[in-house]
Amino acid sequence: MRAPLLAALALACTQTEISAFEPATLEAATVLVGPEVDFDAGNRRDFVGDLTVEDDGGGDWHLTLRGSGGTHELDVHSPARSDLSGLDGLTDARLSVQRDPASREVSLAVVDADDVVRYLVEPAEPGVLTNDLFGAGLVARGEELGPAQDAAWDLTLSAGVLRTDDGDVELLPGEPQQVALDGLPYRAVLLASFEADLRVESDVSCTGARERLACELLQADGGDLTPLVRADNQPLPTSTCLPK
């Protein structure tokens, strides 16, 4: 059944003027947790301990937290190319993971012993972690930036609007900005912001976030502000659909 669906998707593609911001719509961030993190009892888990960080290259990082509750390991892919080496060696750090109940994607926050948010990534949209740490309404969808599409979806790309100490700041996809939040400098990157419509009328089952307003925040002063683009081998972070 897979081949007919793929053929239908290919036939459904139409010639569309693609937004100039399509290449800067970055791939999905991923946070992979070990089997010791049990989400069956709830979608949020918090752990405290001493943190070590290893750079696996290409925006991939391995985090290990050792505390009284045991050892917890995570693999993080940062499309924003956030430099997480500054988290290495944090003591009494709080690591919070939150699984989105719909997309099943995992968000991550790292807070140091002084209650400073050192890193936050929300792969789908601002959720519980963002609201708890910065309050509701930190990030909103902004001005439309034009269309994009993949084999199954028609997308409407948009900017983001970040509430900062200096007022609202527009975030464009893939363009890092230096901003101030709660009196501290952060490198903020809008990974992807879009709404999506399924183009193919078929009996399919889709996994992953259907729409995104995804951001990364790294507590840093003077980070790399070079614009980013999605690698050629990375697809748009749309929901994956297969025949039921």
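The values are calculated or read from the model by the stated rules, or taken from the named source; none is laboratory data. This structure is a prediction, so every number in the text was calculated from the model and none was measured. Cβ placement follows ideal geometry from the backbone for every residue including glycine, while neighbour counts extend to all protein chains displayed. Accessible surface is based on the protein model in full, side chains and every heavy atom, while ligands, DNA and RNA are left aside. Shrake-Rupley method; radii C 1.70, N 1.55, O 1.52, S 1.80 Å.
Quick rundown of the values:
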item	result
Strands (runs of 3 or more DSSP E) fully within region 32-119 counting 1 or more residues that are open to solvent by less than 40 Å² (accessible area, probe 1.4 Å), within 26 Å of A180 (Cβ to Cβ) and touching a Lys or Arg at 6+ places or on another chain (Cβ under 9 Å)	44-57, 93-99, 106-111
Test for E201: is it at pLDDT below 90 and farther than 22 Å from S85 by Cα	yes
Region 22-55 - residue that is of a type in the set (S, T, N, Q) and over 14 Å from the mean Cα position of the chain (by Cα) and, of those, modelled with the highest pLDDT	T52
Filter result for the condition that a residue is part of a loop (DSSP other than H, G, I, E, B) and among the charged types (D, E, K, R), over D224, D197	D224
Yes/no for L51 being touching a helix residue (DSSP H, G or I) at 6+ places or on another chain (Cβ under 7 Å) and at negative phi	yes
Residue match in region 164-176 (condition: in contact with a Pro (Cβ under 7 Å, 6 or more places away or on another chain), on the phi > 0 side of the Ramachandran plot and modelled with pLDDT of 95 or more)	yes
Residue satisfying all of: in region 120-136; among the hydrophobic types (A, V, I, L, M, F, W, C) and part of a loop (DSSP other than H, G, I, E, B); nearest to the chain's Cα centre (by Cα) among these	A124
Where a residue in region 41-66 is within 16 Å of Y119 (Cβ to Cβ) and its partner, wherever it lies, is outside any strand (DSSP E or B) and of a type in the set (G, A, S), with Cβ under 6 Å and at least six apart	F47/G69; G59/S78
Flag for C206 being in a strand (DSSP E or B) and over 17 Å from L120 (Cβ atoms)	yes
Odd one out for G146, checked against (1) outside any strand (DSSP E or B); (2) touching a residue at least 24 places away in the same chain (Cβ under 8 Å)	(1)
